[in-house]
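Here the structure is laid out as structure tokens; the discussion comes afterwards.
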Amino acid sequence: MRFAILGSGAVGGYYGARLARAGHDVTFIARGAHLAAIRERGLAVRSPMLGDFTVRAQAEEDTATVGPVDVVIVAVKAYDNASALPLLAPMIGSGSSVLTLQNGVDSVQEVAVLVGEGPVIGGTTYVATALSSPGVIEQTGTHRRIVFGEVFGSLPRASARVGAIHEAFADADIQSEPVDDGRVPIWEKFIFLVALAGFTGASRLPIGPLWAEPDVRAQFLEACREVERLARAEGVNVASDVVDRLTSYIGAIPGTMRSSLLIDLSQGKPIEVEALQGSVVRRAARAGVPVPIMSTLYALLKPFAAGTPRLA
């Protein structure tokens, strides 16, 4: 299959590299020093547990030079959507699909505004990677899971194109899980992520010290339930035990784990507060669902949306 990776950093670049290594035709959309490094030396993946490898593939900044592809994987940070998503148009043909793996629940609609609902597939991913230097991606652990499926039209339903993409992913040693309703895994991850990012970001602490405090833990889980209630109000049938499962999951992860929002916040970078807590607050207002904890976290983090504000 012919793939284009819109957002060839830690996540998109990693999956694109695996697809290229398996023999698929992959074009990386990148810019600056990262683009130059991919063109000059290839894209390197450093993975102590799965093995290092380097792929050489086409890399472009201008998507007009790419032309229509079978699948575009969208993996840019959500705060870059205004400038990044218009780059999709030249890569969309009559049979193209767009698979978005972005954080949050707004991405599929935002992509559909530009390319129509027809091409759009929604998914989420579980992987620990970082762009350590231009052209080099570091992986921690072995997780490389993508859960995805149709998100528009009559649901639930299986589709041939989701099956074909699944086969390509599996062939590339990606832990692929096709589902009949792509909204469910997106929202189930969102329920956890929006609370994790909110609490670690607002406190400037990793998950361990927060989870060790019973009062904080109780508020964390209630924040998850706020988002769960919102999902159900929007007609998404997340698992009945979704929050209970999070309790055991969080208890098993390293206490030093920081959300990507906290990492970006600590570095003074823009943060995905609008795609996470902001999205909850706006959707909840429309649906009439109270979200007091999420509203508070949003208020605390919103001033840092564009990066650490300068003080007068």
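Summary of values
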| quantity | calculated |
| --- | --- |
| Surface per residue (accessible, 1.4 Å probe) for the chain, Å² | 43 |
| Isotropically averaged projected area of segment 86-137, using the convex hull of Cα atoms (one quarter of hull area), nm² | 4.8 |
| Per-residue HN-Hα couplings for segment 86-92 [Karplus 6.51, -1.76, 1.60; θ = phi - 60°; Hz; x = Gly/Pro] | x, 6, 5, 3, x, 9, 9 |
| Ellipsoid equivalent to segment 82-178 - semi-axes via the Cα gyration tensor, in Å | 24, 18, 13 |
| Kyte-Doolittle mean at least 0.0, axial Cα span of 15 Å or more - DSSP H helices of the chain | 160-171, 183-203, 242-252 |
| Hz values of 3J(HN,Hα) by residue in segment 253-266 - Karplus curve (6.51, -1.76, 1.60), Gly and Pro given as x | 7, x, x, 7, 5, 10, 5, 5, 5, 5, 4, 4, 4, 5 |
| Square roots of 5 times each gyration tensor eigenvalue, C-alpha, segment 237-286, largest first, Å | 23, 21, 6 |
| Percent RCO, i.e. relative contact order, over the chain, from Cα pairs under 8 Å lying at least 6 residues apart | 15 |
| Amide hydrogen neighbours beyond the local backbone of residue 46, cut-off 5 Å, H modeled | 137, 138, 139 |
| q = 0.12, 0.13, 0.18, 0.23 Å⁻¹, segment 227-312: log10 I(q)/I(0) [Debye, one scatterer per Cα] | -0.48, -0.56, -0.96, -1.15 |
| Positive dipole terminus of the chain, leading residue within 96, 254, 285 (C-beta point charges) | 254 |
| Estimated FRET transfer efficiency when R0 is 25 angstrom, pair residue 132-residue 253 (beta carbons, to 0.05) | 0.70 |
| For segment 103-179 and segment 252-310, distance of Cα centres in Å | 23 |
| Positive minus negative residues near residue 309 (Lys, Arg vs Asp, Glu; Cβ under 13 Å) | +3 |
| Scattering profile of segment 1-136 at q = 0.13, 0.15, 0.21 Å⁻¹ [log10 I(q)/I(0), Debye over alpha-carbon scatterers] | -0.49, -0.66, -1.30 |
| With all protein chains modelled, accessible area of residue 117 [1.4 Å, Å²] | 110 |
| Carbon/sulfur fraction of accessible area - segment 79-206, other protein chains in place, 1.4 Å, % | 55 |
| Stokes-Einstein D in µm²/s, Kirkwood radius over Cα pairs - the chain at 25 °C with 0.890 mPa s viscosity | 123 |
| Assigned charges on the beta-carbon of Lys, Arg, Asp, Glu; the chain dipole about Cα centre (debye) | 520 |
| Fraction of beta bridges assigned by DSSP in the chain that are antiparallel (%, nearest 5) | 35 |
| Residue-count net charge about residue 146 - beta-carbon cut-off 11 Å; Lys, Arg +1, Asp, Glu -1 | +2 |
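The values are calculated or read from the model by the stated rules, or taken from the named source; none is laboratory data. The structure presented is a predicted model; accordingly, all values stated were derived computationally and were not measured. All Cβ positions, glycine included, derive from the backbone under ideal geometry; neighbour counts span all protein chains shown. These accessible areas exclude ligands, DNA and RNA; they are computed on the full protein's heavy atoms, side chains included. Shrake-Rupley method; radii C 1.70, N 1.55, O 1.52, S 1.80 Å.
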